[in-house]
Amino acid sequence: MRVFFCLLGFLLSVGCCSLPNDAAWKRFEYVDPEMGVDFYLKFYAKDRPTAERIARQTYARVEALNAIFSDYHPASELNRLCQKPHGQPVKVSPELFNILQRAQTLARETNGAFDITAGPMIRLWRTARRQQKLPPAKALAAVKSRVGYEKIKLDPRTGTVTLLAAKMQLDLGGIAKGYAVDEAMKILKANCIHRAFVAASGDMLTSAPPIGRQGWRILIRNVDQFGNLYPRTVFLKHQALSTSGDTEQYIEINGQRYSHILDPRTGHGLTHRMQVTVISEASTTADSYATAISVLGLKAGLKFANQKKLQAIILDLKNEKPLITKSAHWRVW
């Protein structure tokens with residue numbers, strides 16, 4: 001019921017905002033655990049009651065999306081779809097259809113480097129990280145028949161999804177948080193909030209800058225001329241930024257480091273030790289493209305970024321001396 005009233009309020013408020021005189025507005029900050037991470041809201045509002053009402057509404061939207069997209073919760077719409085008999089068209093919500101459509105487009109563009117059907121492999125690697133040992137080769141081979149983006153059929157006319165193989169498990173981990181960040185910003189804008197920062201872990205989106213500032217202050221890892229890593233400040237406004245890589249989530253087995261990000265084409269955790277940052281107009285785009293470039297690797301990833309005219313920066317950590325490579329369209333510094 002709470003979600004219903006949240007969405008009703010959102011629909012009623014769309015299109016009613018003009019640019020406010022916000023010189024006297026105050027900055028409010030909130031953080032709530034959503035989608036397995038700390039979900040941050042920072043925005044300017046006229047008073048605390050207004051800010052808290054809008055924050056509750058925004059978090060309600062994120063929780064509603066998590067109930068659709070989560071692969072952890074058995075009752076999520078995504079998991080219910082995966083439990084349907086394969087070969088059967090299933091009508092899904094507009095949100096689920098939209099995110100699947102966007103994921104499938106990126107899968108085709110990257111020839112499967114980005115692939116949301118890799119869920120069975122991802123689950124094996126989650127167990128591997130807990131047990132600190134590699135997934136058995138036989139287990140990975142056994143799930144390969146359930147993986148492959150071509151095993152999803154989408155029908156835009158009917159809004160249906162057909163899974164073409166038995167026991168498929170979709171995983172939206174490389175795109176769902178970015179989508180939720182975009183939707184959270186929509187709620188803020190619908191409530192006449194135009195100076196805001198929204199972030200879910202490494203996925204963030206900004207609107208107009210803080211009062212008296214050139215942008216929202218973000219720290220990005222950079223490398224100096226001697227190969228030393230240091231945090232560099234960038235200022236964002238009306239832009240999204242996402243960072244993907246293995247700097248925080250990985251396992252090390254027999255001297256080899258394996259990222260939490262898998263290459264769906266091989267079934268193995270990435271070993272090329274990269275961190276990718278993408279700046280775009282939308283968080284969904286930045287999130288999914290940063291993941292895709294991480295899987296593609298430095299050479300192919302940079303080529304893809306240039307083809308798509310992305311602002312991307314790749315931090316290569318595999319050698320003793322870290323190296324930064326920027327796409328042709330990187331404009332931040």
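Regarding region 214-225, can at least one residue be identified that is on the phi > 0 side of the Ramachandran plot and modelled with pLDDT under 95?
no
Of these, PHE114, PHE69, which one is within 18 Å of ALA184 (Cα to Cα), in contact (Cβ under 8 Å) with a residue 60 or more places away in the chain and within 15 Å of the chain's Cα centre (by Cα)?
From the options PHE114, PHE69, the qualifying one is PHE69.
Please list, ordered by first then second residue, the pairs with beta carbon atoms under 8 Å, 6 or more apart or interchain, first in region 89-103 and over 14 Å from ASP115 (Cβ atoms), second hydroxyl-bearing (Ser, Thr, Tyr) and surrounded by fewer than 20 Cβ atoms within 10 Å (Cβ to Cβ).
Pairs found: PRO89/THR158; PRO89/THR160; PRO89/THR162; VAL90/THR160; VAL90/THR162; LYS91/THR158; LYS91/THR160; VAL92/THR160.
Starting from residues that are of a type in the set (Val, Ile, Thr) and in contact (Cβ under 8 Å) with a residue 12 or more places away in the chain, keep the ones in region 124-174 and report whichever is surrounded by the fewest Cβ atoms within 10 Å (Cβ to Cβ).
THR158
Conditions: (1) over 20 Å from the mean Cα position of the chain (by Cα); (2) over 14 Å from VAL332 (Cβ atoms). ARG232 meets all but one. Number of the miss?
(2)
In contact with a helix residue (DSSP H, G or I) (Cβ under 7 Å, 6 or more places away or on another chain), polar (S, T, N, Q) and more than 30 Å from ASN21 (Cα to Cα): is that true of GLN104 in this structure?
Taking the combined requirement at face value, the residue satisfies it.
Considering only residues that are free of Cβ contacts under 8 Å to residues at least 40 places away in the same chain, in a helix (DSSP H, G or I) and under 18 Å from ALA103 (Cα atoms), which ones fall in region 276-306?
Across region 276-306, the qualifying residues are GLY301, ALA305.
In contact with a Phe, Trp or Tyr (Cβ under 7 Å, 6 or more places away or on another chain) and of a type in the set (A, V, I, L, M, F, W, C): is that true of LEU188 in this structure?
It is true that LEU188 is in contact with a Phe, Trp or Tyr (Cβ under 7 Å, 6 or more places away or on another chain) and of a type in the set (A, V, I, L, M, F, W, C).
Go through the residues of region 260-270 one by one and say whether even a single one is crowded, with 16+ Cβ neighbours inside 10 Å, modelled with pLDDT under 90 and within 18 Å of the chain's Cα centre (by Cα).
Yes, that holds for at least one residue.
A quick yes/no check of all residues on (1) surrounded by 18 or more Cβ atoms within 10 Å (Cβ to Cβ); (2) under 22 Å from ASP22 (Cα atoms); (3) touching a His at 6+ places or on another chain (Cβ under 9 Å):
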{"residue": "ALA180", "(1), (2), (3)": "yes, no, no"}
{"residue": "CYS192", "(1), (2), (3)": "no, yes, no"}
{"residue": "ALA199", "(1), (2), (3)": "yes, no, no"}
{"residue": "ARG213", "(1), (2), (3)": "no, yes, no"}
{"residue": "LEU219", "(1), (2), (3)": "no, no, no"}
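Would you please name the residue that is nearest to SER93 (Cα to Cα), looking only at residues in region 25-66 that are aliphatic (A, V, I, L, M) and over 24 Å from the mean Cα position of the chain (by Cα)?
The qualifying residue nearest to SER93 (Cα to Cα) is ALA51.
If GLU95 satisfies all but one of (1) touching a Leu at 6+ places or on another chain (Cβ under 8 Å); (2) over 20 Å from ILE261 (Cα atoms); (3) in a loop (DSSP other than H, G, I, E, B), what's the number of the condition it fails?
Condition not satisfied by GLU95: (3).
Tell me, yes or no, whether region 238-259 has at least one residue that is surrounded by fewer than 17 Cβ atoms within 10 Å (Cβ to Cβ), of a type in the set (A, V, I, L, M, F, W, C), over 17 Å from the mean Cα position of the chain (by Cα) and over 16 Å from LYS326 (Cβ atoms).
Yes, region 238-259 has at least one match.
Any chance you could count how many residues in region 55-98 are more than 18 Å from ASP38 (Cα to Cα), among the aliphatic types (A, V, I, L, M) and in contact with a strand residue (DSSP E or B) (Cβ under 8 Å, 6 or more places away or on another chain)?
Residues in region 55-98 being more than 18 Å from ASP38 (Cα to Cα), among the aliphatic types (A, V, I, L, M) and in contact with a strand residue (DSSP E or B) (Cβ under 8 Å, 6 or more places away or on another chain): 4 in total.
Looking at VAL276 and the list (1) in contact with a strand residue (DSSP E or B) (Cβ under 8 Å, 6 or more places away or on another chain); (2) modelled with pLDDT under 95, which single condition is not satisfied?
(2)
How about region 307-333: which of its residues are in a strand (DSSP E or B) and either surrounded by 15 or more Cβ atoms within 10 Å (Cβ to Cβ) or polar (S, T, N, Q) (or both)?
Within region 307-333, GLN311, ALA312, ILE313, ILE314, LEU315, ASP316, ILE324, THR325, LYS326 qualify.
The values are calculated or read from the model by the stated rules, or taken from the named source; none is laboratory data. Everything numeric in this text was worked out from a predicted model, so none of it was measured. Every residue, glycine as well, gets a Cβ built from its backbone with ideal geometry; the counts of neighbours run over all protein chains shown.
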